[in-house]
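The values are calculated or read from the model by the stated rules, or taken from the named source; none is laboratory data. None of the values given here were measured: they were computed from a predicted structure. Reconstructed Cβ throughout: ideal geometry from the backbone, glycine too, with neighbour counts over all protein chains shown. Protein only, heavy atoms only, side chains kept; ligands, DNA and RNA dropped before computing areas. Shrake-Rupley method; radii C 1.70, N 1.55, O 1.52, S 1.80 Å.
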Amino acid sequence: MIQIQDRSINNDRQLFTGNSLHEFHIPVLGTGYSIDTPLKVARFGIASVMSMVDDQLVEQMREYHCEKLGLPYEEIPAGSEDSRARRFTAYFNFIDERVQKQIEEMRAMAFTGESLLDQYFQLLPDVELRSTYERMMSMPEGDSRLQVEGELKSAVVAGSIDVNIMTKLDGQPWLDGKPVDPYYSDASAALRGYANSTFDSTIIFSAGMNPRLFAAISEYPDFHANEEGYIKKRICLKVSDYRSALIQGKLLAKKGLWVSEYRIESGLNCGGHAFPSKGHLLGPILEDFYSRRNELEESLFPIYQKACEAIGRSICTGKIAVTVQGGVGTAEEHHFLREHYQVDAVGWGTPFLLVPEAVNLDEDHMDRLCKANEFDVFLSDASPIGVPFWNLQNSDSEKARKQRIIEGKPGVFCAKKHLALNTEFGEKPLCPAEKRYQKLKLEEIEAENHPLEIEQGLKEKVLAKACLCGDLAMTAVRTLGIVKKGTSAITPGPNIVNFSKIVSLKEMVGHIYGKVQLVTAKARPHMFLREIELYIDYSSRELADCATGIMQKSSKYFDEVHENLQSGIEYYRDIANRFFTKERGLFLQRLDHLKAEVANIFPKVAVHT
């Protein structure tokens, strides 16, 4: 049984966004949706995350914005010396310079009640700075007001401009038929591009460990503390549980690197790539972090300090931030995560796909998202890296993939190669979404003489793969008119079905802080309950695949999933009885129903395996 720790407010809680007073961040959204989001929201003190997968995309975006602003642009050609790293550095320096310029321009504005400067303070949660602004606006003209205005303008700071590397996406470039030096691998080059930039921000490493990449981090001075103990480029690990945080934290601490933030994400209740666990639910994971947060710091800091002393590096304070994301949809859920688990901030991703002021997405696809139901948003096998991937049934990308199959021409030409990681058919990696791989794989399946049902299931998994490199970038380049033709992949989390209208940035931030209500679904389940539903659906699919022979998993695996779901359900029962007041009865009623569903599924494990 999971023990629920006594709650006490931590007044020294570190805000992960530095000087920003916002309680949320906008996570990385595909490769294209949020590739220039900092230019849209950082001026308001809102933190956001850009993807570091596609160097061609960032080069296109730099050219686009330079032309739009009338600034000089010097191309970094593909294939030139260290072009991938240099492209990221150039783009990040451009973003950094522009955001700082935006801040300077805002500080020079007058308070009119409607200016961007006013909007900065109007968007804030109920903090002292907002109260000071509201008091200032009611003051008469004069020296006293001018003094408060000056203090407020000095307090305007940009939201953190963060970046994300999926550690699994570390393709090895080839030249003249041979692999090049690992120094130029995709993830290593992207890291170098960030390390050489002017950013003072955080890099988020997701999708697990990459020892070669982690070893390279220590080479760059900005990842180490200066003499004052300040780290200019901070490390965040996206983790699935406490054990993962401890293992990866130790690995980096031994290299003299401090992990400043651990970002916890639901295994299934998220957008884009999903990383399902063995039934470990978000609430119990957060409980573990809440109760062992000090233990985590105290376990890692001596290792970090010893390593820094050995290499002659200064040390930081040894404090960590804990953030969370995945399926949050109401101000009540946001507040509960903040106060009950003392997380430093909450990630709001999928709802921002309906905020044109924040992301790149054409009106047509936004309209499809507004109308989407639970059938339209599905957990697919589209990702070439073999990880479950949330998809929209009627996106242009999905329509084009299905049409190619109908025409007997499955697969695509692989141009960018970022997901070309499969070596089943030779030393040179292929992308499972490309034509050549699918042709070879389908022929292999046919030659294996499987029973018809198994053969059909295996083929469907091959044909499900989509060109994510190109189609995720398309959300930006088509929306902005950089290219005229292309098919966009749309990757919302299941939470999108609860929102059904396009809204302004002000409205969405107001929703997060409980000032307006944007949820339109009449019977939206609590985020904790929705995650259980998703695990039931996912486990049912796995069991069905095991029954047909498409997948092989042991009964021990399903026993673990069953046990973890049961334990999580009892934890939520205890939480609801002790801390919920609003709709407690409905929550517990639905929890009992889900418990019965779990019990109904897992006795069949022995039969299916």
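Numerical summary
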quantity	calculated
Filtered residue count, segment 167-197, keeping only those that are modelled with pLDDT under 95 and of a type in the set (A, V, I, L, M)	3
One residue from 360, 391 being open to solvent by less than 10 Å² (accessible area, probe 1.4 Å), in a strand (DSSP E or B) and either under 26 Å from residue 417 (Cα atoms) or not aliphatic (A, V, I, L, M) (or both)	391
Meets criteria (more than 18 Å from residue 349 (Cα to Cα) and in contact with a helix residue (DSSP H, G or I) (Cβ under 7 Å, 6 or more places away or on another chain)) for residue 435	no
Filter result for the condition that a residue is in contact with a Cys (Cβ under 8 Å, 6 or more places away or on another chain) and aliphatic (A, V, I, L, M), over 464, 433, 473, 447	433
Flag for residue 30 being within 30 Å of residue 383 (Cα to Cα), under 20 Å from the mean Cα position of the chain (by Cα) and modelled with pLDDT under 95	yes
Residue count, segment 127-181 (criterion: open to solvent by 60 Å² or more (accessible area, probe 1.4 Å) and not acidic (Asp, Glu))	14
Candidates 404, 436 - the one that is open to solvent by less than 80 Å² (accessible area, probe 1.4 Å), assigned to a helix (DSSP H, G or I) and free of Cβ contacts under 8 Å to residues at least 60 places away in the same chain	404
Search result, residues across segment 84-118 that are aromatic (Phe, Trp, Tyr) and more than 22 Å from the chain's Cα centre (by Cα)	94, 111
Residues satisfying the stated conditions in segment 544-583, i.e. under 30 Å from residue 449 (Cα atoms), of a type in the set (Lys, Arg) and within 30 Å of the chain's Cα centre (by Cα)	553
Of all residues making up segment 58-82, the number that are open to solvent by less than 10 Å² (accessible area, probe 1.4 Å) and in contact with a Leu (Cβ under 9 Å, 6 or more places away or on another chain)	1
Subset tally (residues that are open to solvent by 10 Å² or more (accessible area, probe 1.4 Å) and either over 22 Å from the mean Cα position of the chain (by Cα) or touching a residue at least 60 places away in the same chain (Cβ under 8 Å) (or both)) for segment 469-490	14
Qualifying residue in segment 454-472 (condition: under 23 Å from residue 586 (Cβ atoms) and either in a helix (DSSP H, G or I) or not small (Gly, Ala, Ser) (or both))	no
Pair list, Cβ < 6 Å and 6+ apart or interchain, from segment 551-574 residues that are more than 15 Å from residue 600 (Cα to Cα) and modelled with pLDDT under 95 to residues that are in a helix (DSSP H, G or I) and open to solvent by less than 10 Å² (accessible area, probe 1.4 Å)	555/605
Elements of type helices (runs of 4 or more DSSP H) in segment 527-609, at least 1 residues being open to solvent by 30 Å² or more (accessible area, probe 1.4 Å) and within 22 Å of residue 497 (Cα to Cα)	527-548, 584-601
Count of segment 311-339 residues which are in a loop (DSSP other than H, G, I, E, B) and over 16 Å from residue 281 (Cα atoms)	10
Qualifying position, being touching a helix residue (DSSP H, G or I) at 6+ places or on another chain (Cβ under 9 Å) and in a helix (DSSP H, G or I), among 383, 397	397
Residue among 235, 247, 303 that alone is of a type in the set (Val, Ile, Thr) and assigned to a strand (DSSP E or B)	235
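To keep it simple, each residue is scored yes or no on (1) open to solvent by 10 Å² or more (accessible area, probe 1.4 Å); (2) in a strand (DSSP E or B); (3) at pLDDT below 95.
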| site | (1), (2), (3) |
| --- | --- |
| 264 | no, yes, no |
| 276 | yes, no, no |
| 279 | no, no, no |
| 286 | no, no, no |
| 289 | no, no, no |
